[in-house]
Amino acid sequence: MPRYALRAFGGPVLYNDQGGYLVTINGLPVSVQAGSLSIERNIGRRSQASFTVRTDEPTHFQQYQQVAIYDQSMQLIFSGYITNPKERKANHTSTLYHSIQCTDQHYLADKRRFSGSYINKTCGSIVQDIVRTVLAQEGVTIAQIDEGLTPSPILYPSESLFPGAITALVPEASFAYAKVSEALDALVTAASSSGVPYYWQIDELKRLWFVPYTAVVNPVVVDGSQIDDTYNPPSVSRQNPTYRNVQYVAGGMAETVQQIETRKGDGNTQAWAMSYSLARVPTIFVNGILKTVGIRGVDQGKDFYWSKGDPVISQESNAPKLGTNDTLQISYIGQYPSMIIVQDSAQIAYQASIDGTTGLIESVEQDSTLSSTKNSLSYASQLLTRYATQGITLSFSTRQAGYDQGQLITVNLPDFGLYNEQMLITQVSASDQQDGYNIWYGVTAVSGPYDTSWVKFFSKLLAQPQPIDAINVGVSQSVNLLQSFTAALSPVAQLKTTVLVGPLPSETLYPSETLYPC
């Protein structure tokens, strides 16, 4: 690293081998206003940086210019790209002040598209192929990629991916010009269906990580010697904003038993709707002869095409149309909307002993990517395993580098009742605001649920466009009602249930003397 000089606005000239930090834009050092630098790195999320630059010569910074930030030991702590440069002029001078906002190397995955189709491949091997075929062109290398699970049938026509646990069927994964970042997000979801959450990130050295949250271990024991307890003493919070002991999962799909439907040709039709949306690859015969089947919009040269979640089977457009003497037979597994509920009885009893109520704390998650009852039950159980527990959050400030989001650290702080506690770093911030000269790191580590703060928890709730108990205007004309009951069955017993489904009010559907919407 060459020896650079820079002037912090309002301060002395700083050299990297005498203290201070360094910021470069397109490889050239810039003068940063003291106290304006801020960096936030979060596990599984985009990292952000912001600072103010002063220029005395006519200089203009552009969106997507490269940015690098080095701390006082000249260790690279952030690299990325300008997203929003703004400049203003000082009064009666030629000096410009530039407010610079930056995003990290995830930008490389956001700006590229990927297409591919896989059978019986692990999530990790698909990620490796994405790096090899796309991200390597952007200079991305592999830091660590864990294999994860083999995803169950996945269809990615545009914005949706349907991951799940291993099934007895031939697993498939298809991506049709999806953003690389969206494909990686979906593969993380699929890999996490084992109950061990995964994350992916491209770090400041352009290395891609696709690993479980606890895969990277920092060998340094946090015992207080690394912590600044003068200006910003450590703090511990014992709470869990995501706690729940009853979990509902809505929006997923349940699979039917095998369906067999036949259609007669008419010399004109080339597309036929089934009674259910398709969940898996169908088997198609014409006059008893087996035909080839491909994914609509992805495969070519097949006799027929299908799409997951779509009830329509379509014929190759250039193929001869089926005549009145032709019989089309489709054998398939369909899908329909489902609602799942799972509860932790032990945690319910524990919570009741604390707050003196029923102890029930319920949460609803909507996930339209769950393609079977098995996957929905697995997902609900994973959420309870992860969130039906008390949480501990440790925050401390240090000048020592080497702490990164996603690392597992050992904490030994007896004053806080933490005895060699294994904690996961969820956030690392960096700023010069403490002394305007050095980079100070703020580290947040958790034990228990580890990816949601109170602010982000409530932000997520507000961001949900349609909570499960909301009125869905113009979205659906029917609603599923969940009823819990207990029944005993014997060889001669019969269980009969009646489900009444009412229309939902909308802009064109109003209650009247003869119509009573739900």
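The values are calculated or read from the model by the stated rules, or taken from the named source; none is laboratory data. Please read these numbers as outputs of a predicted model, since none were measured by experiment. Neighbour counts run over all protein chains shown; Cβ positions are idealised from the backbone, glycine included.
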Given the residues Ser235, Ser277, Ser225, which is the only one that is among the hydroxyl-bearing types (Ser, Thr, Tyr) and surrounded by 14 or more Cβ atoms within 10 Å (Cβ to Cβ)?
Ser277
Residues within the range 12-38 that are modelled with pLDDT of 75 or more and outside any strand (DSSP E or B), tallied:
9
Can you find, within the range 247-274, the residue that is nearest to the chain's Cα centre (by Cα) among those that are more than 20 Å from Thr327 (Cβ to Cβ) and surrounded by fewer than 20 Cβ atoms within 10 Å (Cβ to Cβ)?
Gly251
Would you point out the residue of the range 168-218, among those that are aliphatic (A, V, I, L, M) and part of a strand (DSSP E or B), that is modelled with the lowest pLDDT?
Ala173
For the range 224-250, which residues satisfy the criterion of being of a type in the set (Lys, Arg) and within 19 Å of Thr357 (Cβ to Cβ)?
Arg244
Of all the strands (runs of 3 or more DSSP E) wholly in the range 378-445, which have at least 3 residues that are in contact with a Pro (Cβ under 7 Å, 6 or more places away or on another chain)?
392-398
Does at least one position in the range 145-163 carry a residue that is over 21 Å from Ala254 (Cα atoms), modelled with pLDDT of 80 or more, in contact with a strand residue (DSSP E or B) (Cβ under 6 Å, 6 or more places away or on another chain) and of a type in the set (D, E, K, R)?
yes
Is it the case, given these coordinates, that Thr358 is modelled with pLDDT under 90 and more than 30 Å from Asp229 (Cα to Cα)?
no
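A quick yes/no check of all residues on (1) surrounded by fewer than 16 Cβ atoms within 10 Å (Cβ to Cβ); (2) farther than 24 Å from Val217 by Cβ:
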site: Ser353; (1), (2): yes, yes
site: Asn375; (1), (2): no, yes
site: Ala388; (1), (2): no, yes
site: Gly391; (1), (2): no, no
site: Ser431; (1), (2): no, yes
Is it the case that some residue within the range 395-406 is out of contact with any Ser or Thr (no Cβ under 9 Å at 6 or more places or on another chain) and among the hydrophobic types (A, V, I, L, M, F, W, C)?
no
Among Lys321, Lys308, which is the only one that is among the basic types (Lys, Arg) and either surrounded by fewer than 16 Cβ atoms within 10 Å (Cβ to Cβ) or in the same structural domain as Ala178 (by TED's automatic domain parsing) (or both)?
Lys321
The range 389-422 - residue that is of a type in the set (Ser, Thr, Tyr) and touching a Phe, Trp or Tyr at 6+ places or on another chain (Cβ under 8 Å) and, of those, nearest to Ile202 (Cα to Cα):
Tyr403
Could you list all residues from the range 297-309 that are in contact with a strand residue (DSSP E or B) (Cβ under 6 Å, 6 or more places away or on another chain) and free of Cβ contacts under 8 Å to residues at least 60 places away in the same chain?
Lys302, Phe304, Tyr305, Trp306
